[in-house]
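First up is the structure itself, then whatever we jot down about it.
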Amino acid sequence: MLRIATFNVNGIRATQRRGFEAWLARRDCDVVALQEVRCPVDALPDGVFGEYHLTYDAGTAAGRNGVAVLTRARPAAVRSWGAGVLTRAPGDGHVELAEHESRGRLARELHAFAAQGRYVEVELAEVPLTVASLYLPKGGLPAELQVPGRMREAPDGGAKHARKMAFLAGFGRHLTAARRAARAGGREFLLMGDLNIAHTPLDVHHWRRQQRSEGFLPQERAWLDAVVGPRRLVDVVRRVHGEVQGPYSWWSWLGGAFEKDTGWRIDYHLATPGLAASAVGAHTDREPSRAERLSDHAPVVVDYAFPR
């Protein structure tokens, strides 16, 4: 049995103060994918990851992004898009540069994102499984939907939306290559992370109101349509829970969204069919109250009866 979690911590130092270490010890996962770690390597809190091996791409944007994978054993292999991915054994202050993919192998649309700390991939040493952690750009509205005075941010002519769509175009090809490479090596593949897209009306509260919101735009959802399929990648939480509303994994800090459960499901386990079929339980760790929240996201934890 493997217990695997994904968690956008929205800053590991802030989440540590709110109780991250207690959650990590209580959940006793075999693998944890983290997003928005948002911390330079030399400022990572001592002991925050317990007895896990850390694989971390902090990126070069101070205080932003950063993806990691925690594993019980040292990974058999590590891949990232840039040269900055680091590995560390539990209790070890030594940090070493890990193997990484060269930028030249990336889809051209991903070159601009290579140093941002958005993707890291590991091969588990003890089971035939490759695990990736992704933090996908949030994006924005296309120019035709931007109305001055009705937006929290100043109109940008659709620049953030175009940037996200470029990322999706390149990452779709990258994802296909990663999945096929895992299969060629006799491994299952699992992509986890904050995709900043709610796929269907079951994945966002008041979905009719959100059809002109970033994260639920038709073109974003169409990209997920192309990624998810019975012979490609399976949305594991949806497979386990069935056609029900939610379970949501993100709630705004504003407007009582958490208390009212007006959330979005944007944190995913996307697994190759063999691994997905082994899922025996999936849970979103929604805290009992706003005061107890660790992050604006909740951890999404899946138990896999793998390998069979």
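The values are calculated or read from the model by the stated rules, or taken from the named source; none is laboratory data. Please read these numbers as outputs of a predicted model, since none were measured by experiment. Positions of Cβ are backbone-derived with ideal geometry, glycine not excepted, and every protein chain shown enters the neighbour counts. Side chains included, ligands, DNA and RNA excluded: accessible areas come from the protein's heavy atoms. Shrake-Rupley method; radii C 1.70, N 1.55, O 1.52, S 1.80 Å.
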All but one of (1) in a helix (DSSP H, G or I); (2) over 28 Å from Arg265 (Cα atoms); (3) modelled with pLDDT of 95 or more hold for Ala166; state the number of the condition that does not hold. (2)
List pairs: first residue in the range 160-186 and under 14 Å from Leu110 (Cα atoms), second residue at pLDDT 95 or above and charged (D, E, K, R) anywhere in the structure, Cβ distance under 6 angstrom, at least six positions apart or on different chains. Ala166/Glu109; Ala169/Glu109; Gly170/Glu109
Would you check which residues across the range 198-257 are among the hydrophobic types (A, V, I, L, M, F, W, C), loosely packed, with under 13 Cβ neighbours inside 10 Å and at pLDDT below 95 and list them? Trp253, Leu254
Can you list residue pairs whose Cβ atoms sit under 9 Å apart, with the first residue in the range 15-33 being over 25 Å from Ser80 (Cβ atoms) and the second being open to solvent by 10 Å² or more (accessible area, probe 1.4 Å) and of a type in the set (Phe, Trp, Tyr)? Count only pairs 6 or more apart in sequence or on different chains. Glu21/Phe49
For Arg265, all conditions in the list (1) in contact with a strand residue (DSSP E or B) (Cβ under 9 Å, 6 or more places away or on another chain); (2) open to solvent by less than 10 Å² (accessible area, probe 1.4 Å); (3) farther than 17 Å from Pro201 by Cα hold save one; what is the number of the exception? (3)
For Trp81, work out the one condition from (1) closer than 25 Å to Pro273 by Cα; (2) at pLDDT below 95; (3) under 16 Å from the mean Cα position of the chain (by Cα) it doesn't fulfil. (1)
Given (1) closer than 18 Å to Val32 by Cα; (2) not in a strand (DSSP E or B), number of the condition Gly274 does not satisfy: (1)
